[in-house]
1. Within region 73-115, take every residue that is of a type in the set (Lys, Arg) and free of Cβ contacts under 8 Å to residues at least 60 places away in the same chain and give me the one that is surrounded by the most Cβ atoms within 10 Å (Cβ to Cβ).
2. How many residues are surrounded by 15 or more Cβ atoms within 10 Å (Cβ to Cβ) and over 17 Å from residue 40 (Cβ atoms) if we restrict to region 61-70?
3. Can you name the residue in region 1-25 that is modelled with pLDDT of 90 or more and part of a strand (DSSP E or B) and, of all such residues, is most open to solvent (accessible area, probe 1.4 Å)?
4. Restricting to region 232-251, give me the number of residues that are under 12 Å from the mean Cα position of the chain (by Cα) and β-branched (Val, Ile, Thr).
5. Considering each residue of region 132-148, count those that are touching a helix residue (DSSP H, G or I) at 6+ places or on another chain (Cβ under 8 Å), crowded, with 19+ Cβ neighbours inside 10 Å and in a helix (DSSP H, G or I), and give that number.
Amino acid sequence: MNNQLREAIKDKKRIVVKIGSSSLQHSETGDMDYIRLEKLVRELCDIRNQGKEVVLVTSGAISAGKKAVNMKEIKCSTQAETMAVKQACSAIGQARLMMTYQKLFAEYNQVAAQILMTKNTIVNNLNRYNAHNTFSELLHMGVIPVVNENDTVATYEIEIGDNDTLSAIVAALVEADLLILLSDIDGLFTDDPRKNPDASFISRVDCLTDELMMMGKASTGSDVGTGGMNTKLLAAKIATSSNVDMVIANSRDIGVLHRILAGENEGTLFVAHRDEMFDLPEFVDNMHKFQ
C-alpha cells in the first residue's frame, strides 16, 4: 500500500514546496547558504521542465534583514517596538531574498513572481478570489510564484504566523496535488529524536488523530524558524482535509525533492482525505485556537 501511494506521487502535477529559515542559512553565521539556495532553485526548475507546476513558499525575510543591518537579536521594551523592528527587518530582507531568487531563477531561464500574503488574503472573500486567480494565471504562464507572509504589514490580528501553515493554505488555495515541507528534520517521529534516541520514525500517516496532534504541541522548532512539529501537523490538517497529499522531509540534501517525486520512500507521507466539512477561510480565521 505504501509503495502504491509513493508511486502515485510521480503523477502529481501541481506541487507546493516550502523551505524554512534554518534551511536557507549557515547556522554558524546566519548568512545565506547560496549553495543550498542554488540547488533548491535548480531542483524547482527541473520539476518545472518536467511539465509540472511549482509554487515555492520561502522563509527568511526577517533573518536576512537582521543580518543586513548587523542585528543579532531584537531587544525592545514594548511589543509595539518589537513588531516595528521585525517589520523593518522584513522590508529589508524580503527585497534581498527576492533579488537572490530572481538571479538564481534567471540562470535557468525561469521566470519567478513574488506573492506576499496575510490572513486577510484568505478570510476576505474578494481577496481570496483575486489571489486564486493570480496564482492560476501565473501557473498558466509557466511562472514559479515565490510566496512569503507579508511581515512588513502583518500584525498579530492578521498574521498567519509561520510558513508551514502558510504553505498548506497556499496548497489548498491553488488546489495543489502535493505539498512538500522541507525542514531540518527527517519527518514525523513518535517523540522528539533530538531528546529521545528511542523515538521511532513514522513513514506514513493515514489519519491525523487527536493523539498525533497533541504530540505535535509538545515539540519545539529551531531557534531560526517559527514552527515546530505542531505547525507541521497543523499544515497536514489543512492540506489533507483539502485533498492535498503532504510530505515532510529533511532539507539537508535538497535532492530529496526529485527523489520524492520519483516515488522514493523519503520523509513522512500524510495521505489526503478530503473533508467536505472543512472550510478553509473559517479554519484560517480561527487558527489561533489550534496553535
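The values are calculated or read from the model by the stated rules, or taken from the named source; none is laboratory data. In this text, all values refer to a predicted model and were calculated from it rather than measured experimentally. A quick note on method: Cβ atoms are made from the backbone with ideal geometry, for glycine too, and the neighbour counts reach across all protein chains shown. These accessible areas exclude ligands, DNA and RNA; they are computed on the full protein's heavy atoms, side chains included. Shrake-Rupley method; radii C 1.70, N 1.55, O 1.52, S 1.80 Å.
1. Filtering first and then ranking leaves 96.
2. Qualifying residue count for the region: 4.
3. It comes out as 14.
4. The total comes to 2.
5. 1
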